[in-house]
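As structure tokens, the structure follows; a few thoughts come after it.
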Amino acid sequence: MSLNYKLLTPGPLTTTSTVKEAMLVDHCTWDEDYKIITQHIRKHLLQLAKVPEEDYTTVLMQGSGSFCVESVLSSVIGDQDKVLICANGAYGSRMVQMAKRYNIPHVVYQLAENEVPKASRIRELLSEDPTINALAMVHSETTSGILNPLEEISEVVKENKLLFILDAMSSFGGISIPVAEYQIDFLVSSANKCIQGVPGFGFIICNRKALEASKGKARTVSLDLYEQFEAMDVDGKWRFTSPTHTVLAFEQALNELDEEGGINARYQRYKENNDTLREKMAEIGFQSFIGEEQGPFITSFYYPNHPKFEFTHFYEFLKANGYAIYPGKISDIDCFRIGNIGEIYVEDMIQVVELIKTYMEDL
């Protein structure tokens, strides 16, 4: 079995050899050169978000993307606040779980995994509970592959002067997000998604006024967002031990994103990958779970109607032939997921569909 397979997943994902090579250098966390790299990354992310430094800042946080989401929720929603959480998949539900664990005042706008949150319903919920002063939602819900509507929901945020928390884990860097225009106060993403780095840390693009207002609200020590910012903003030194090799890989990945042509160019590649995948899969009889709200990053497909189909065997066949996919995550429906982000191209989409066609014919 080949160990050199490509990851058709929503992250970790297939990276370039040059991103991997960047990790061959050891750095001391106190080293001035390393701290300068951290500061460059923070500024580079603001440039990608197209937000001014006087209004926004970037905080890097150790751990997976969920660590960063938990950092934000536990740090910026105070005991006198109340957050409305839109949940149409596992990651929206994870926000709810975090809110419950910390006893954060919250209301849940629960939807099916193939439904998107509606601005009209959010307005109703705000009318029913005027104490709500914050909204949290996932942009690209990789449970299904659905892309939630940012623009119309941002209008509700503006109308009601809500604090806006956006989990843009698998979308930032792969699709344009007008952070300032949509008045997003805290945008959360991770090193190992569309920027095509490796796992180890995430980042939060923060509105400075909203971040300053969170001082003293944190319910944890290591995930205290404001204290992480306060320490890092001095000279780039992380509060606690940072994932040095991952940071070096991320710097290289950011440079490669620029070389590709920036976010718009990467979006076009991802969209072409996704369009090709869904078109070719439909040709061989596979139906996708999401319709017109399908995002350009990962797609859920129903299991085929074949008595001999068994996912584990299917997965191992694809892996042995060069591609690893994801199991399904929809609550009550048998499906699997194929991602198309990372160092992946249309040729890979065509190849994996040919392998699936061969597998089904052999059944």
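The values are calculated or read from the model by the stated rules, or taken from the named source; none is laboratory data. These numbers were taken from a predicted model, which means no experiment stands behind them. Counting neighbours? That spans all protein chains shown, and the Cβs are built from the backbone with ideal geometry, glycine included. We work out accessible area using only protein heavy atoms, side chains counted, and drop any ligands, DNA or RNA first. Shrake-Rupley method; radii C 1.70, N 1.55, O 1.52, S 1.80 Å.
Helix 150-160 versus the longest principal axis of the chain: what is the Cα-based angle in degrees, 0 to 90, to the nearest 10?
20 degrees
Once neighbouring chains are kept in place and the probe is 1.4 Å, which whole percent of the accessible area of the chain is contributed by carbon and sulfur?
Of all accessible area on the chain, carbon and sulfur atoms account for 48 percent.
I'd like to check one number: the per residue accessible area of the stretch 1-141, probe 1.4 Å, reported in Å² as a whole number.
Per-residue value: 46 Å².
Over the stretch 257-363, with the other protein chains present, what is the accessible area per residue in square angstrom, probe 1.4 angstrom?
About 48 Å² of surface per residue is accessible.
How would H306, H44 line up by accessible area, probe 1.4 Å, largest first?
Largest accessible area first, the list is H306, H44.
How large is the convex hull of the Cα atoms of the chain per residue, expressed in Å³ as a whole number?
132 Å³
Would you mind listing how long the stretch 240-297 runs along its three principal axes, going by Cα atoms, in whole Å with the largest first?
In descending order, the Cα extents are 49, 27, 20 Å.
Show me the ranking of peptides 264-275, 162-173, 294-305, 180-191 by mean Cβ neighbours inside 10 Å, starting with the highest.
162-173, 180-191, 294-305, 264-275
Run the numbers on the chain and let me know its relative contact order in percent, using alpha-carbon pairs under 8 Å that are six or more apart.
Computed over the chain, the figure is 25 percent.
What's the angle, to the nearest 10 degrees (0 to 90), between helix 244-260's Cα axis and the longest principal axis of the chain?
70 degrees
Using a 1.4 Å probe and counting only protein heavy atoms, arrange K308, K161 so the residue with the most accessible area comes first.
Result, largest first: K161, K308.
With an 8 Å cut-off on Cα pairs and a minimum separation of 6 or more residues, tell me the relative contact order of the stretch 1-142 in percent.
The normalised contact order for the stretch 1-142 reaches 20 percent.
When the helices in the chain are scored as -39500 (n - 2.57) per DSSP H run of 4 or longer and the sum is shared across all residues, what 222 nm value do you end up with, to the nearest 500 deg cm²/dmol?
Result for the chain: -13000 deg cm²/dmol, rounded to the nearest 500.
Ordering V59, V198 by how much accessible area each has at a 1.4 Å probe, largest first, what is the list?
Highest to lowest solvent-accessible surface, that is V198, V59.
So how tilted is helix 346-362 from the main axis of the chain? Cα-based, degrees 0 to 90, rounded to 10.
50 degrees
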